[in-house]
Amino acid sequence: MVGKTRDGLPLSMILFISIIALVYAVQNVMSPALERMSLYFGFGGTKKELGIVTFSFTLLSGISMVLFGYLADKVTRVRILLAGSLLYAIPSTMILLVPPGSTGYAFFFMLELTAGFGFGMVIPNIFSLIGDLVSMNDRSKGFSFFSIATLLGMAVGVGLGSAFADGDWRIAYGIIGCVGIATALMTIGISEPSRIGRDNLFLVDEKAVEYTYRIKLSDLKTIFKKRSNIWLVINFVDTIPTGIIIFLLFTYLEEEHNVDQGIGLVFLSFVLLSTLVGTIVFGYITDTLYARGKRKARVLYALMANVAPIPFVFVGLLIPFKLPDGGTVADLFMNPAAVAVLLLFVIGLFLNGATNGSWYATVVDINLPEHRGTVLSTANFFDILGKSLGPLIGSLVADAFGTLAGMAMSIIFWVFLPFFWIPVLRHVEEDMDKTKAIFEKRLGNLSRDGGS
């Protein structure tokens, strides 16, 4: 079977990464075609009606994520994954049938809400499954691909949305939906991995022993008694700086540097690529250090990753340059100041990539298998709040004081981020030891009782 913990790991991971990328593509495909969609639905080019759709999608996905994060810790996860994958993919495909006008808008709204609910079903279940499939010493690397998939999904969504923005925008949704249905059906071949985890299967007979522990409502008190959990969950602030940068980047480049949207897309591609590379590189580094017994390495690197970008982004914002009217990509790379700004942003976001895999790996390190989906979904709900606040704060400051001031708000929020990681650094080993002691005691009981 595709999902066997030992033999099927690569295929399962590829499938999970594909599904994550597709659900994030659905979330991001709208933005390049906002004006054409507004005209299609008869709104005359105004964006607020589509903003309501995006807000509703995000809100419902957050509620769904909390609900199914809890259920991921109680029931068979691959079944929820199949249902959630179909629930976002089928409505996305049906957008091909959306007619123009107000009736079409109502139909589109309903389909997007359904897809948002499916989005929330998928994310915590894949996280929980990866936690059981990836070994303890490889968690930062394993979960770095979770982060990479979200960025790839953003790129695919924006790319497809841009490709069909001047034509039939519905085709972009249809492509994602059809591929999504295919990947959803492939999950039928995944068997539920043991919650005992990849590292501990040798301690028990996998076929004879089932990990029978499941989350109870009373466990919520236990989960949030761990101080590391509290700080990891409420650290939604770390999504605000990058949210501001990505939201305002095109406007900032155009107003401050005379860089048009096409060249701005090249700039953004370098920034996203640097984040991807940083996520992979630091995933390998922190896993290597963890395997050598440095159990705080993941948290320490995440802490440093939220300090190191500050000087690079700050200096990058201060360097002046202007491209000539009608400037090209060649003009961008022939301008030393422009290249310096690009390099500073690339280095800053590369260093920030150390946060991604380390955050997910730490959630798994300090929580029992039946608690991981709940913790992740709660944290992601707060992240949704942060992702909403970033563009809001950036746009308000930009309207009041200019785009440069709006971009500078990312620096201000970055300054506060270390204060969320310092308590985790202080308490993470204590929380890991508590979890390990409980888990090893349970494994002993399961081996002795045969899983009963």
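The values are calculated or read from the model by the stated rules, or taken from the named source; none is laboratory data. In this text, all values refer to a predicted model and were calculated from it rather than measured experimentally. Here Cβ is always computed from backbone atoms with ideal geometry, including for glycine, and neighbour counts include all displayed protein chains.
Tell me, which residue of segment 112-143 that is in contact with a Gly (Cβ under 7 Å, 6 or more places away or on another chain) and hydroxyl-bearing (Ser, Thr, Tyr) is farthest from Ile19 (Cα to Cα)? Among residues in segment 112-143 that are in contact with a Gly (Cβ under 7 Å, 6 or more places away or on another chain) and hydroxyl-bearing (Ser, Thr, Tyr), the one farthest from Ile19 (Cα to Cα) is Ser140.
Which of the following residues is within 20 Å of the chain's Cα centre (by Cα) and surrounded by fewer than 24 Cβ atoms within 10 Å (Cβ to Cβ): Asp399, Asp431, Asp383?
That would be Asp383, the only listed residue that is within 20 Å of the chain's Cα centre (by Cα) and surrounded by fewer than 24 Cβ atoms within 10 Å (Cβ to Cβ).
Scanning segment 326-367 for residues that are aliphatic (A, V, I, L, M) and surrounded by fewer than 19 Cβ atoms within 10 Å (Cβ to Cβ) gives Val329, Ala330, Met334, Ala337, Val339, Ala340, Leu343, Ile347. The single condition from (1) modelled with pLDDT under 80; (2) farther than 29 Å from Arg442 by Cβ that Ile215 fails is (2). Looking at Tyr70, Tyr88, just one residue is under 25 Å from Gly386 (Cα atoms) and at pLDDT 90 or above, and that residue is Tyr88.
For every residue, the table says whether it meets (1) hydroxyl-bearing (Ser, Thr, Tyr); (2) out of contact with any Gly (no Cβ under 8 Å at 6 or more places or on another chain).
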{"site": "Ala361", "(1), (2)": "no, no"}
{"site": "Gly386", "(1), (2)": "no, no"}
{"site": "Pro391", "(1), (2)": "no, no"}
{"site": "Ser410", "(1), (2)": "yes, no"}
{"site": "Trp414", "(1), (2)": "no, yes"}
{"site": "Trp421", "(1), (2)": "no, yes"}
{"site": "Met432", "(1), (2)": "no, yes"}
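Is it the case that segment 353-364 has a residue that's of a type outside the set (Lys, Arg), in a loop (DSSP other than H, G, I, E, B), in the same structural domain as Phe267 (by TED's automatic domain parsing) and closer than 29 Å to Val134 by Cα? Checking segment 353-364: at least one residue is of a type outside the set (Lys, Arg), in a loop (DSSP other than H, G, I, E, B), in the same structural domain as Phe267 (by TED's automatic domain parsing) and closer than 29 Å to Val134 by Cα.
For segment 129-164, a tally of residues being crowded, with 24+ Cβ neighbours inside 10 Å and more than 28 Å from Ile175 (Cα to Cα) returns 4.
Scanning segment 23-39 turns up one or more residues that are more than 20 Å from Gly157 (Cα to Cα) and either surrounded by fewer than 23 Cβ atoms within 10 Å (Cβ to Cβ) or modelled with pLDDT of 85 or more (or both). In summary, helices (runs of 4 or more DSSP H) completely within segment 1-117 and bearing 2 or more residues that are within 21 Å of Asn380 (Cβ to Cβ) occur at 9-28, 48-72, 77-94. One residue alone among Ser269, Ser274 is within 19 Å of the chain's Cα centre (by Cα) and either outside the structural domain of Val346 (by TED's automatic domain parsing) or farther than 24 Å from Ser140 by Cβ (or both), and that residue is Ser269.
Residues in segment 167-190 that are in contact with a helix residue (DSSP H, G or I) (Cβ under 7 Å, 6 or more places away or on another chain) and not in a helix (DSSP H, G or I): Trp169, Ile190. Hey, among the residues in segment 164-177 that are at pLDDT 90 or above and over 22 Å from the mean Cα position of the chain (by Cα), which one's nearest to Tyr24 (Cα to Cα)? Filtering segment 164-177 for residues that are at pLDDT 90 or above and over 22 Å from the mean Cα position of the chain (by Cα), the one nearest to Tyr24 (Cα to Cα) comes out as Gly174.
Total residues in segment 402-428 satisfying the condition of being crowded, with 21+ Cβ neighbours inside 10 Å and not in a helix (DSSP H, G or I): the figure is 1. The C-beta contact set for segment 38-59 (first residue among the basic types (Lys, Arg), second residue surrounded by 12 or more Cβ atoms within 10 Å (Cβ to Cβ) and in a helix (DSSP H, G or I), distance under 8 angstrom, 6+ apart or interchain) comprises Lys47/Leu34; Lys47/Glu35; Lys47/Ser38.
Within segment 286-307, track down each residue that is aliphatic (A, V, I, L, M), surrounded by fewer than 23 Cβ atoms within 10 Å (Cβ to Cβ) and either in contact (Cβ under 8 Å) with a residue 40 or more places away in the chain or not in a helix (DSSP H, G or I) (or both). Residues satisfying the conditions are Ala291, Leu300, Leu303, Met304, Val307. The number of residues in segment 431-443 that are touching a residue at least 40 places away in the same chain (Cβ under 8 Å) and under 18 Å from Ile223 (Cα atoms) comes to 7.
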